[in-house]
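Worksheet: the structure to be examined is printed underneath.
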Amino acid sequence: MLSLPIPEFRKKARDLAEGLWREPATPVFLEEVKPAFQVPGRRKDGTIEGQNQARHAVWSAVRGTVGGLASVILSMGSGQAGSAFGRDGLVQGPPNALALRMVDAARPADGAWLVYSQHHVAIIDTGSIIYDPKDCQPAILWHAQYPHAPRVTPTKSLLTWQDGSSFQYVPSMKDAQYPGYP
């Protein structure tokens, strides 16, 4: 579930990037980065196949039981199909895809921003939106610079790397309406 980004957090993410890059930057609020994965060697949730098999089996059983019940309740409450363990976005590519480095770095973020400019792309974490923005200490979790940065296609909410891998992200509803966002 996406929440609305607080404008002060957007400004902090933009200021950090523009201060380092010395060029205009566009921040897009991602909040949580929990995409589905279509990458050989990764499970749909992004975990590495063959690792933590016992924990994955237990989690799958719990997710199936509790998630099924929660999804029914969410669906009845909203009148629409719901999922307690839904995934926002999609990572696709070959084994060891370049997109995995960025997405793996972004997944632990509490308040993830995709920030891009003409020559740079980064994931910046401003922390949880429950904190006061004046206490925010934004941190760059991942960064790439041209010519190694992915191509950003804002109109499709898509990042594409040189190896053909991609990350389809889901911007917040507010970002989709933000002035300057395609």
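Over the stretch 104-177, the alpha carbon radius of gyration divided by the compact-protein estimate 2.2 N^0.38 Å works out to 1.16. As a proxy for reagent exposure, ARG107, ARG22 were ordered by neighbouring Cβ count within 10 angstrom, fewest first; the result is ARG22, ARG107.
Taking neighbour counts of Cβ atoms within 10 Å as a proxy for exposure, in what order, fewest first, do ARG14, ARG101 appear?
Least crowded to most crowded, the residues run ARG101, ARG14.
Counting only aspartates and glutamates at least 8 places from LYS134 when in the same chain, those with an alpha carbon closer than 12 Å to its own are GLU8. Cβ-to-Cβ counts within 10 Å put THR160, THR126 in ascending order as THR160, THR126, the fewest first.
Counting only lysines at least 8 places from LYS156 when in the same chain, those with an alpha carbon closer than 17 Å to its own are LYS174. In summary, the aspartates and glutamates within cross-link reach of LYS11, defined as a Cα separation below 19 angstrom excluding same-chain residues under 8 places away, comprise GLU23, GLU31, GLU32, ASP110, ASP125, ASP132, ASP135, ASP175.
No lab work stands behind these numbers, since they all come straight from the coordinates. Remember, it's a predicted structure, so these values are computed and weren't measured experimentally. For neighbour counting, all protein chains shown are included, and Cβ atoms are generated from backbone atoms with ideal geometry for every residue, glycine included.
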